[in-house]
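Here the structure comes first, spelled out in structure tokens, and everything after it is commentary.
The values are calculated or read from the model by the stated rules, or taken from the named source; none is laboratory data. If you're wondering where the values come from, they're calculated on a predicted model, not measured in any experiment. Cβ sites come from the backbone with ideal geometry, for glycine too, and all protein chains shown count toward neighbours.
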Amino acid sequence: MSEFWNPYAPLDGRQRQWLGVGSVLALLLVWSLLAVSGLVSSTKLPAPWEVVTALSYLSWHEGDSLLFTATLWSAGRLLVAGVLVIAIGIPIGICMGAAPRVNAALSPLVDPFRSAPVVALLPILVMWLGIGETMKIAFLFIGAVVYLIPMVRDAIQAVPQSYWIGARDLGATPWECIHRAVIPMAMPRIADAVIVAFSVMWTYITVAEYVNARQGLGQLIQNARRFSAWDQVFAGIIVIIALALATYQFMVWLKRRLYPWETQQ
Amino acid sequence: MTVARPAAATPPSVVVRDLVQEYPAPGGGVTRVIDQVSLSFDQPGISMLLGPSGCGKSTLLHMLGGVRPMGIETPTAGQVLIDGVECNGPHDDAVMVFQRYANRPDLTVFDNVAFPFRLNLWKARVPEAEWRQRVADILKAVGLADKLKLRPAQLSGGQNQRVALARALVLRPRILLMDEPFGALDAQTREEMQQLLIELYQSWPCLVVFVTHDVTEALVLGDRVIVLSAQPARVADDFVISEARPRSATWQRSREAQALEERILRQLHQASPGRGQVRVTV
């Protein structure tokens, strides 16, 4: 116990897993007790097993998987928006980080949006882009890119100047310094920015699909809510959390594979 | 020594004329870092720039290589001429070895040394087959032939400086500028690196300007020792050591060496009483 308040003490992997599993189980227990005890009406709080039943119903019912179709739609939108975020956001962030003048010009346009109520933009996007796919992807894109751009910029600026000077000394042109030295050195942190962007998009997916969604996890939750099928609402939320977590884990794994040197340092 | 031996470097001519460099001081005004320094180098050899820490010797070395302080006028006055041409930016013939943080953590040993050849300047000058051979040779010469695939984090401090040295020498520079390259190493590794530098120098005799605050290092390596005063840096002394390298421990304890050491310490003391630090490691 003397190691309890010691952030540097190594924690046995098994112990860590058990503590994690334990707290999830504890939550499930409290949830079950609340549902069984009748303290909260079952219409307001479905029991865990009811959510499981709803999950299995959504996963497979009469030869059709509502959940699978909805996931495909949501993941597809997320992927399209993600490709746009990467293709547009990373170059902008790199330019801002690499050229102080670009940063000075663009940061007043980008930085305030990190704290802007992106959700409040939705009606405006609907007005401009209609209620179709374009609006949904634009919403996800904006929500994520305002986080990504400043993070990419910071990643570039965090590369120690000595690498730039060193490359210059070896005869690199300024642009060669940027793309041969600074960008490769910033890649792990740029990857972090992409990971954050995808997490942000998963949290916004329901909002994006709130308006006129015919397909998608957001629509699934929205529909269930309309019929007060709270077990399905819970099921939908859990699926989104699981997908976001899986995306995160996959991307972290990919990042470690691509940039193993970051952890060696 | 296995380094393929091309024709030795054409002797460079480096002239520093009345060089002055000032920085804006934190509380307003200016701090003069380099004060009226005039030096001239016209043949291969190892020249040691010796001075107390923080005296401005690194700034002077950086200015020789065209790595200039950013955001201020530079030089404040005077000139650096390489082969008679004023040098204001990175010079193709001058390559720098820094004290640390020079190796790329994301590249393997091989790629760190091959890095210059990814740049258009060197790509255009050296065909791929040749630079691959050169990289292999120099890595053998610095004793890292079996570490090609490792990354800097997997190497010791001394091995990292071997990589840095290899990356500079693979370009066969006419001017090699070394900024306290062994300053962060332990005593034994430092001695090994000094021996390595002597060997490498013999296979590629160029103009080496070597910054140090270690009097012993200056005596072990230098063909010429330039003593600088504490900030602002002025030339306090400038003399030649004719003893052939490698210089034995006997020589280092000889009357001649002792006299030189005393001379250096006296100059440092006169030029900068009670300021800065020098290291004597014998």
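Couple of notes before you dig in:
- Note on region A:118-141: residues that are part of a loop (DSSP other than H, G, I, E, B) and either under 13 Å from A:Y204 (Cβ atoms) or among the aliphatic types (A, V, I, L, M) (or both) amount to 1.
- Enumeration of residues in region B:70-108 that are part of a loop (DSSP other than H, G, I, E, B), at pLDDT 85 or above and small (G, A, S): B:G84
- Within region A:164-180, if we keep just the residues that are more than 7 Å from every other protein chain (Cβ to nearest Cβ) and over 15 Å from B:K123 (Cβ atoms), the residue that is farthest from the chain's Cα centre (by Cα) turns out to be A:P174.
- Every pair of residues 6+ apart whose Cβ atoms lie under 8 Å, when the first sits in region A:223-238 and is in contact (Cβ under 8 Å) with a residue 24 or more places away in the chain while the second is part of a loop (DSSP other than H, G, I, E, B) and not charged (D, E, K, R): A:S228/A:T43; A:W230/A:T43; A:W230/A:L45; A:W230/A:P46; A:D231/A:P46; A:F234/A:P46
- Flag for A:I190 being under 25 Å from B:H62 (Cβ atoms), within 14 Å of chain B (Cβ to nearest Cβ) and at pLDDT 95 or above: no
- Identity of the residue in region A:13-46, in a helix (DSSP H, G or I) and touching a helix residue (DSSP H, G or I) at 6+ places or on another chain (Cβ under 9 Å), that ends up modelled with the lowest pLDDT: A:A35
- Test: residue in region B:12-32 that is of a type in the set (F, W, Y) and in a loop (DSSP other than H, G, I, E, B): no
- Remark: pairs (first residue in region B:219-240, over 18 Å from B:Q252 (Cβ atoms); second residue of a type in the set (K, R) and in a strand (DSSP E or B); Cβ separation under 7 Å; 6+ apart in sequence or on different chains) = B:P232/B:R32.
- Condition broken by B:E191, with the remaining ones in (1) within 27 Å of B:G66 (Cα to Cα); (2) out of contact with any Ser or Thr (no Cβ under 7 Å at 6 or more places or on another chain); (3) away from chain A (no Cβ under 14 Å) satisfied: (1)
- Enumeration of residues in region A:201-223 that are modelled with pLDDT under 95, aliphatic (A, V, I, L, M) and closer than 13 Å to A:L78 by Cα: A:I205, A:V207, A:A208, A:L217
- With respect to the conditions (1) under 17 Å from the mean Cα position of the chain (by Cα); (2) among the hydrophobic types (A, V, I, L, M, F, W, C); (3) crowded, with 19+ Cβ neighbours inside 10 Å, B:A230 falls short on a single one, namely (1).
- Screening B:G65, B:G71, B:G51, B:G89 for residues that are within 14 Å of another protein chain (Cβ to nearest Cβ) and either in contact (Cβ under 8 Å) with a residue 60 or more places away in the chain or among the hydroxyl-bearing types (S, T, Y) (or both) leaves exactly one candidate, B:G65.
- Residues that are surrounded by fewer than 21 Cβ atoms within 10 Å (Cβ to Cβ) and touching a residue at least 24 places away in the same chain (Cβ under 8 Å) were ranked within region A:161-187; the one that is nearest to A:A105 (Cα to Cα) is A:I183.
- Candidates A:D154, A:D111, filtered to the one that is over 30 Å from A:N212 (Cβ atoms), modelled with pLDDT of 95 or more and surrounded by fewer than 18 Cβ atoms within 10 Å (Cβ to Cβ): A:D154
- Test: residue in region A:167-184 that is in contact with a helix residue (DSSP H, G or I) (Cβ under 9 Å, 6 or more places away or on another chain) and either polar (S, T, N, Q) or under 30 Å from A:M127 (Cβ atoms) (or both): yes
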